[in-house]
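Structure record follows, encoded as structure tokens.
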Amino acid sequence: MSGGNLTTNIRWGDLEKRCRDNFRRWNIDDFLLPSFRNSVDISAVTIEFMHRGEWHSATCNRWQSDARRNFHALVLAFEAVRKADQRGIAGVFADVASAIALPAPASSAHQILGVETSATESEIRTAYRTLLKRHHPDHGGHPEEFTKIRDAGRALGVTT
């Protein structure tokens with residue numbers, strides 16, 4: 001993952017408008033935008049939306065304690081996906097994204113969580129929660145390590 005930077009002077013309300021516009025262009029009317037505006041204590045921003053009868057969510061926590069930059073990053077991501085879809089290259093976009101950003105395969109996920117491949121669901125969940133707490137960015141952990149652990153848990157079906 002690159003260590004790129006994102007600076008934004010875009011007002012919160014303008015980010016909300018851009019996000020709403022993207023969803024409307026996809027004919028997605030059911031979505032939830034972040035409800036806070038200027039909080040400096042928020043490390044993650046989540047946008048939820050209904051697509052094909054299922055709720056999905058996208059979260060950005062790249063910039064600790066900067067909700068506006070996290071929200072801006074999500075808006076940029078949605079705009080990029082929408083434009084790829086509009087240009088008829090969404091499949092290529094999805095292939096590239098999945099090649100770069102897919103969670104670890106199950107065998108690697110077990111290694112990341114430090115459990116045997118024969119571990120029970122309870123053992124996996126306990127290891128997952130322990131590591132998430134230890135590596136959480138709000139408690140001094142590194143965001144990339146936290147994301148790696150979260151993705152490993154998801155690959156193994158941990159649901160909190």
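The values are calculated or read from the model by the stated rules, or taken from the named source; none is laboratory data. It should be emphasised that the depicted structure is a prediction, and the values quoted were computed from it without experimental measurement. Here Cβ is always computed from backbone atoms with ideal geometry, including for glycine, and neighbour counts include all displayed protein chains.
Assorted remarks:
- Listed by first and then second residue, the pairs linking a residue in segment 131-160 that is under 18 Å from His110 (Cβ atoms) to a residue that is acidic (Asp, Glu), with Cβ atoms under 8 Å apart and 6 or more places separating them unless they lie on different chains, are His135/Glu145; Gly157/Glu121.
- For segment 1-59, the candidate set comprises residues that are of a type in the set (Ser, Thr, Tyr) and in contact with a Pro (Cβ under 9 Å, 6 or more places away or on another chain); within that set, the residue that is modelled with the highest pLDDT is Thr46.
- Pairing each residue of segment 15-28 that is over 13 Å from Leu76 (Cα atoms) and in the same structural domain as Asn70 (by TED's automatic domain parsing) with any residue that is at pLDDT below 90 and surrounded by 15 or more Cβ atoms within 10 Å (Cβ to Cβ), provided the two are 6+ apart or on different chains, yields C-beta distances under 7 Å for Arg25/Arg82; Trp26/Arg82; Ile28/Phe49.
- When Ile124, Ile47 are checked against the criterion of being farther than 25 Å from Lys17 by Cβ, among the aliphatic types (A, V, I, L, M) and crowded, with 16+ Cβ neighbours inside 10 Å, a single residue qualifies: Ile124.
- Selected residue (only one of Ala84, Ala90 is modelled with pLDDT under 85, surrounded by 14 or more Cβ atoms within 10 Å (Cβ to Cβ), farther than 30 Å from His136 by Cβ and of a type in the set (A, V, I, L, M, F, W, C)): Ala90
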